[in-house]
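Since the structure comes first, as structure tokens, the remarks are kept for the end.
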């Protein structure tokens, strides 16, 4: 596995960036609707091409860059007609390599093609849930899915969570696994770094008062001795939260571990 060392100062492609507004977990009324958010540094959003809809045109990888909005790195692809686009950086894809999105593309790292044209056993990422939507699954650093079988108009794929799932065979995916595999070994080091990433502190429920949390109250450090609950009294562990009649249930062959 090739380890990518990024330059310390590298400005992103200006045309592919925009200001990312900070909401600090608050909704339109100004109330906190998502806890533990705030204090983030100013960020620019990098517009990543998840659709890979510039078909049958070779692009060359110019740079591999850090993206503050995701744990994976991104790569700047320059097409022959002069257009540039960001893509998720697949592991082992180097500067100067060529990629293409085509139905007749070679099964090579970084190339994008329909699932029906990808052989069984190949690792893929950035998979479309339905054709034309753009890659929505398997986009995190170091993740990959494997093509397991093909049945009629569907392709069976094993996701990194262990779930076995059916996808339409005309959904597109990118060959290879997502780069920055070492991300899971990274240590934050200090609380201040979390603040700069927009993550505020989490206070234990037992340290709060009874009005703020079901675990609160009592003398000293005594817990209430109850099952773990959320601040709103719902079970915190073990309860299934997935909608029973969700439309995509029919595509799941085997649940995740």
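Candidates 188, 195: the one that is outside any loop (DSSP other than H, G, I, E, B) and either at pLDDT 90 or above or surrounded by 10 or more Cβ atoms within 10 Å (Cβ to Cβ) (or both) is 195. A single entry from 210, 201 fulfils the requirement of being outside any strand (DSSP E or B) and modelled with pLDDT of 95 or more: 201. When each of 141, 75 is tested for being within 18 Å of the chain's Cα centre (by Cα), farther than 20 Å from residue 170 by Cβ and assigned to a loop (DSSP other than H, G, I, E, B), the lone residue that passes is 141. Taking each residue of the range 234-257 that is closer than 14 Å to residue 163 by Cβ and looking for partners that are surrounded by 11 or more Cβ atoms within 10 Å (Cβ to Cβ) with beta-carbon atoms closer than 6 Å, six or more apart or interchain, yields 251/165; 251/166; 252/165; 253/164; 254/164; 256/161; 256/163.
Can you spot a residue in the range 46-54 that is surrounded by fewer than 15 Cβ atoms within 10 Å (Cβ to Cβ), over 20 Å from the mean Cα position of the chain (by Cα), touching a residue at least 40 places away in the same chain (Cβ under 8 Å) and assigned to a loop (DSSP other than H, G, I, E, B)? No, the range 46-54 contains no residue that is surrounded by fewer than 15 Cβ atoms within 10 Å (Cβ to Cβ), over 20 Å from the mean Cα position of the chain (by Cα), touching a residue at least 40 places away in the same chain (Cβ under 8 Å) and assigned to a loop (DSSP other than H, G, I, E, B).
Take the range 7-37 and flag every residue that is surrounded by 16 or more Cβ atoms within 10 Å (Cβ to Cβ) and either on the phi > 0 side of the Ramachandran plot or assigned to a loop (DSSP other than H, G, I, E, B) (or both). Result: 12, 13.
Yes/no matrix, rows are residues, columns are (1) buried (at least 17 other Cβ atoms within 10 Å of the Cβ); (2) more than 23 Å from residue 48 (Cβ to Cβ):
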site	(1), (2)
112	yes, no
122	no, no
125	yes, no
130	no, no
135	yes, no
143	yes, no
157	yes, no
169	yes, yes
173	yes, no
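The values are calculated or read from the model by the stated rules, or taken from the named source; none is laboratory data. For clarity, every value in this text was computed on a predicted model and none was experimentally measured. Virtual Cβ from ideal backbone geometry, glycine too; neighbours counted across all protein chains shown.
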